[in-house]
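**Student:** Encoded as structure tokens, here's the structure I'll be asking about.
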Amino acid sequence: RRLPPHVWGAQPPPGRARTRRARPLFAPFATATAAAALVVASLFAVQAHRTEDRLTAEQDRAREIAHVLAAPDARAAAGGGGDGRGIGVIASASAREAVVTLSGYGRPPGGRVHQLWLMRPRALPRSLGLLAGDTPLVAKGLDPSSTSLAVTVEPDGGSAQPTSQPIVQLTLKSVGFGE
């Protein structure tokens with residue numbers, strides 16, 4: 001095989017007239033569609049992951065509730081006014097846990113929250129967590145000497161100690177504590 005003379009430098013390469021090549025119209029559309037599909041697929045993946053995390057959290061809470069309800073010494077008590085507002089508890093002294101629900105109080109106004117407190121003799125109240133509407137809260141680590149549960153209205157995120165008077169309080173003697 002011989003190489004053409006212009007490769008060796010003997011002759012200049014032949015001049016070419018540049019012709020504009022027609023680009024298919026669907027190429028930019030296909031690229032944009034593929035990019036959009038990738039973004040949508042990514043959003044679905046993120047949403048699926050969040051949903052899976054919420055489902056796992058709900059399953060864990062259901063297991064915790066079932067653990068308290070299945071305890072051989074589980075007992076229930078309720079308190080509150082006759083106006084449809086109240087607090088309910090199912091507790092197990094042996095498990096040192098309780099399932100607590102608050103009903104009829106709604107969401108506090110102004111970025112405030114309902115906080116559950118464990119009341120014990122000669123001790124400061126101990127926070128058991130924040131109540132979200134009528135969603136049950138599993139309170140763990142209850143002290144056998146605990147006398148009552150109290151709910152206060154606190155700033156968003158809760159407080160280290162109660163900053164207001166309880167809106168509802170329930171004694172725990174009937175469910176096996178404070179004896």
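The values are calculated or read from the model by the stated rules, or taken from the named source; none is laboratory data. Since this is a predicted model, take the numbers as computed values, not measurements. Counting neighbours? That spans all protein chains shown, and the Cβs are built from the backbone with ideal geometry, glycine included.
**Student:** I'm trying to understand the selection: among the residues of the range 92-107, which are out of contact with any Asp or Glu (no Cβ under 7 Å at 6 or more places or on another chain) and either under 16 Å from HIS67 (Cβ atoms) or surrounded by 15 or more Cβ atoms within 10 Å (Cβ to Cβ) (or both)?
**Tutor:** Within the range 92-107, ALA95, ARG96, GLU97, ALA98, VAL99, VAL100, TYR105 meet the criteria.
**Student:** Residues ALA98, ALA139, ALA150: which one is in contact with a Ser or Thr (Cβ under 9 Å, 6 or more places away or on another chain) and modelled with pLDDT of 90 or more?
**Tutor:** ALA98 is the lone residue from the list that is in contact with a Ser or Thr (Cβ under 9 Å, 6 or more places away or on another chain) and modelled with pLDDT of 90 or more.
**Student:** Continuing with the same structure: Scan the range 130-137 and give yes if some residue there is out of contact with any strand residue (DSSP E or B) (no Cβ under 7 Å at 6 or more places or on another chain) and β-branched (Val, Ile, Thr), otherwise no.
**Tutor:** For the range 130-137, residues out of contact with any strand residue (DSSP E or B) (no Cβ under 7 Å at 6 or more places or on another chain) and β-branched (Val, Ile, Thr): present.
**Student:** For TRP117, all conditions in the list (1) in a strand (DSSP E or B); (2) surrounded by fewer than 19 Cβ atoms within 10 Å (Cβ to Cβ) hold save one; what is the number of the exception?
**Tutor:** (2)
**Student:** Please go through (1) in contact with a strand residue (DSSP E or B) (Cβ under 8 Å, 6 or more places away or on another chain); (2) farther than 21 Å from GLY110 by Cβ; (3) in a loop (DSSP other than H, G, I, E, B) for PRO144 and return the number of the only condition it doesn't satisfy.
**Tutor:** Status for PRO144: all satisfied but (1).
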